[in-house]
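Data block below; observations after.
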Amino acid sequence: MSKPLTWNRKDLIAIEPLSRDEIETVFYAAQAFKNAMKADRSKQPYLDGRTVVNLFLEPSTRTRLAFEVAANKLCADTLTITAEASSLTKGETLRDTAQNMQALQADIIILRHAASGAAHYLSQVVDIPVINAGDGSHAHPTQALLDCFTLVEKWGTLEGKNVTILGDILFSRVARSNIYCLQKLGATVTIAGPSTLVPEGFVSMGVTVCNDLQTALEDADAVMLLRIQHERQSSSHFPSIGEYTSSFGLNNERANWLKPEAIIMHPGPINRGVEIDSKLADSKRSVILNQVTNGVFVRMAVLHLCHSYYQSKKINLPT
Amino acid sequence: MSNILWITGGRVIDPANKRDCIGEVYAIDGIIVKSLSQSQQKKANKIDATGLVVAPGLVDIHVHFRFPGQTHKEDIRSGSEAAAAGGFTSVVCMPNTSPVCDNAGTIQRIMDKVERDSVIHIYPTGCLTMGMNAEELAPTGQLKKAGIVAVTDDGKCVQSNEIMRRAVEYAHMFGLPIMDHCQDSSLTKGAVMNEGEWSLKLGLRGWPKAAEDIIVARNVILARLTGAHIHMQHVSSAASVDILRAAKKRGISVSAEASPHHIEFTDANLQGYDPMFKMNPPLGSAEDRAALIEGLCDGTLQCIATDHAPHSPNEKDCELDRAPFGIIGLENSLASTLGTLYHSGRLSLSEVIALMSHKGAEICNLDAGTLSIGKIADICLIDPDEEWTVQTDKFFSRSKNCPWQGRVLKGRVKATYVNGKQVFDGAVITG
């Protein structure tokens, strides 16, 4: 990397406040971890002796496991707490739970929470680094970073590329974080889906809003599919899953509207046969599992960068 | 021996009587009088108000004092002290207590407590429906005998048009105003802030202003149908102001209040996810804010009311989604409103005082808000230009959920008199 490494924060709450240099620093560090792990599957002891708490107060498989794997690869001790197993069910507040984690000598807290703004709140409550692993419909910064890292890996740059995000944008933290991340890296973003889940107001974030699927797919260099988030919607946002699939599901016929070389992405979990045809998800165009693998390296980078900043240490990376 | 008060040398602003001049205000045994005899002057408690504004005690027709049942948030004593410190001498309390005010016994209990503990005049309201459940009407006649001044299910807008129509018709028979918290709850499920650019960016559940507008329009239609007076609480939307303006032009008997926070802040203040900016109705857009100010200036909106809604510090210290709606405002309402309407050049001092005194009193038929001869001597002394920093730890309210915390405001209450007796001296409660 020709530019100096830049990272100015102990917490990673959202993409919006990050500079392009910081995003590229994450990518550089993620690539360094990826290369090192590829050459030799041994651990990278940058967090040796540290304790990383995974405070996952909303269901998650991929993100939680990826953070656990990332922390383990960095030689940290990991503790995972889920909502059911925590004292939050006994009425303890998020403030008290987090302060107890800190008192128990945690060094980093990774928070997944159903309320937008929860990670921001937590970062004001504790001194140690807080990494947002998804807060309500607000932000999922490590997902956006791994998505963009995956695209940069494919293309070298996002400059001049068109990316379409398709599906439930209104309730999607992945969409919001990706909109900021893609734009900061020079891509043009179109969002598409039913008008009730893709309101016109999103143009204030600098994107094109499109309710016509063919138009949204024709110019795309990559399409990111999102899951319909039943758990956040009221029943009135669209008529039925079948209706959604018939209008916006990505099937073979509609995939032909895409450029031949266009990439298909999905943050998971996939609802096969709903937002994406099962075969497409497994096709050569799909980078869905690359995203998962890259998620580990990007999260190693984020944990390491935030911890280094908190410790006022120079950023060291595997050579 | 009689208690004689003589406030001298101040700028007397009594909007109800169109008075705004340097002059004297006298009271004997708690009643405003025209003049004092020489012997009375000698015995009078003479207050030099030179350089200050002498105004009627302020009136707020929308507060929550949480008694009975939620006195960890506020009670009659602390609420009345907060009011006195804000220049308020008469307030109207909402009935969403625990138990709710749907029976004469609860009203009597509040009246007894007020008699013992309050340093100002406190007027209760009664529920519109039993248990505020919008199913059967509350016993308005009995509640009126017990002392209520208005009927409302504040906080739980009656959704059924049929129940609302009957409630309005019934209350009208007793000459009581109906105050409605305008919210179509089918449009606001899970919502925490105004729907718009900021709710999209912040990923927070949006609350469309249409939820308010639909009920404001419904109430205008029901006021026309029944001839009853319906008062719209804390109007927060530009479209609602338009609907009310058109209704008033047609002579329909409706009125409305605006809150200090809705005319000062916007939904952009939610950027830091600070629960201190979470209230119901939520802060609107810049356009809504401008329309509210315009509505206050042209008389579409009659008065300022705080919707003083105390919540204890730990209740508000959490994720925004989980925090209760509501903020306190009594102790900064005058200064905030002066900043938005007077120091900004939109209205005169007299016009702002009118919005905060007799205009609200008239809606609830309170004998308050003027310095007329023969009326109760409720008075506040104001320095409209004194700057001060809001420090909630110095508030008299039991709760501290105030979005103005740390802000510098201009305009300060220097003393408050109730029934001709000082209850607040600019620093401490003396009543």
Can you name the condition, by its number, that B:Tyr273 falls short on among (1) more than 14 Å from every other protein chain (Cβ to nearest Cβ); (2) crowded, with 22+ Cβ neighbours inside 10 Å; (3) farther than 18 Å from B:Gly299 by Cβ? (1)
Taking region B:384-406 as the search range and keeping residues that are surrounded by fewer than 18 Cβ atoms within 10 Å (Cβ to Cβ), touching a strand residue (DSSP E or B) at 6+ places or on another chain (Cβ under 9 Å) and not polar (S, T, N, Q), which one is farthest from B:His311 (Cα to Cα)? B:Asp385
Pick out, from region B:323-431, the helices (runs of 4 or more DSSP H) lying fully within it that include 3 or more residues that are more than 30 Å from B:Lys156 (Cα to Cα) and at pLDDT 95 or above. B:349-355
Of everything in region A:36-93 that's farther than 17 Å from A:Ile109 by Cα and of a type in the set (S, T, N, Q), which residue is surrounded by the most Cβ atoms within 10 Å (Cβ to Cβ)? A:Gln44
All positions within region A:98-117 that are under 16 Å from the mean Cα position of the chain (by Cα) and more than 14 Å from chain B (Cβ to nearest Cβ): A:Ile110
So which residues in region A:274-319 are part of a loop (DSSP other than H, G, I, E, B), aliphatic (A, V, I, L, M) and at pLDDT below 95, if there are any at all? A:Val274, A:Ile315, A:Leu317
Does at least one position in region B:299-311 carry a residue that is over 18 Å from the mean Cα position of the chain (by Cα) and either in the same structural domain as B:Phe174 (by TED's automatic domain parsing) or modelled with pLDDT under 95 (or both)? no
Checking the conditions here, which among B:Gly299, B:Gly360 is surrounded by 21 or more Cβ atoms within 10 Å (Cβ to Cβ) and either within 14 Å of another protein chain (Cβ to nearest Cβ) or not hydrophobic (A, V, I, L, M, F, W, C) (or both)? B:Gly360
Verdict on B:Ser255 being surrounded by fewer than 19 Cβ atoms within 10 Å (Cβ to Cβ), touching a strand residue (DSSP E or B) at 6+ places or on another chain (Cβ under 7 Å) and assigned by TED's automatic domain parsing to the domain that holds B:His234: no
Hey, among A:Arg20, A:Arg95, which residue is among the basic types (Lys, Arg) and within 14 Å of chain B (Cβ to nearest Cβ)? A:Arg95
Going by what's in this entry, would B:Ala291 be described as touching a Leu at 6+ places or on another chain (Cβ under 9 Å), more than 14 Å from every other protein chain (Cβ to nearest Cβ) and not β-branched (Val, Ile, Thr)? no
Which of the following residues is more than 21 Å from A:Glu16 (Cβ to Cβ), touching a residue at least 12 places away in the same chain (Cβ under 8 Å) and within 14 Å of another protein chain (Cβ to nearest Cβ): A:Leu74, A:Leu170, A:Leu88, A:Leu166? A:Leu88
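The values are calculated or read from the model by the stated rules, or taken from the named source; none is laboratory data. Just so you know, these numbers come straight off a predicted model, no measurement behind them. A quick note on method: Cβ atoms are made from the backbone with ideal geometry, for glycine too, and the neighbour counts reach across all protein chains shown.
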